[in-house]
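I have placed the structure first, in the form of structure tokens, so that the comments after it can refer back to it.
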Amino acid sequence: MFRNVVIMDRAGWHTTNNLKSIPNIRFIFLPAYSPELNPTEHLWNYIRNAKFRNSLFENLDDVQEALIKSYEELDKQKDMVASMTHFKWLNLSV
């Protein structure tokens, strides 16, 4: 079965009892008090502004394709990613 993962912080609207479970979506909550994970939000802001602003997608497959292209572009710009997240991606051997 195709699965989707949604990573969320522990904001009140993310942890409400009204949040419904959906069979093909798994919610993963960030650990409490994990400020070192917050810089990744800068990446999402970049992707949203660069690739999704004023965009209309026909279906979820088109959204997924746009995300994959965004990730591929970011992978080629490791210096920019490191500066936006304050994490030294270039020091990792992949």
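A few notes on this one:
- Packing-based ranking of 66-78, 17-29 yields 66-78, 17-29, ordered from highest to lowest mean Cβ neighbour count within 10 Å.
- Listed by chain and number, the aspartates and glutamates whose alpha-carbon sits under 15 Å from that of K69, ignoring those within fewer than 8 places in the same chain, are D61.
- The amide H of D9, built 1.01 Å from its N in the peptide plane, has L30 as neighbours under 5 Å, considering only residues 5 or more places off or on other chains.
None of the figures in this text is laboratory data; all of them are computed from the coordinates on show. Given the structure is predicted, the values throughout are model-derived calculations rather than measurements. Ideal geometry is used to build each Cβ from the backbone, glycine not excepted, and the neighbour counts take in all protein chains shown.
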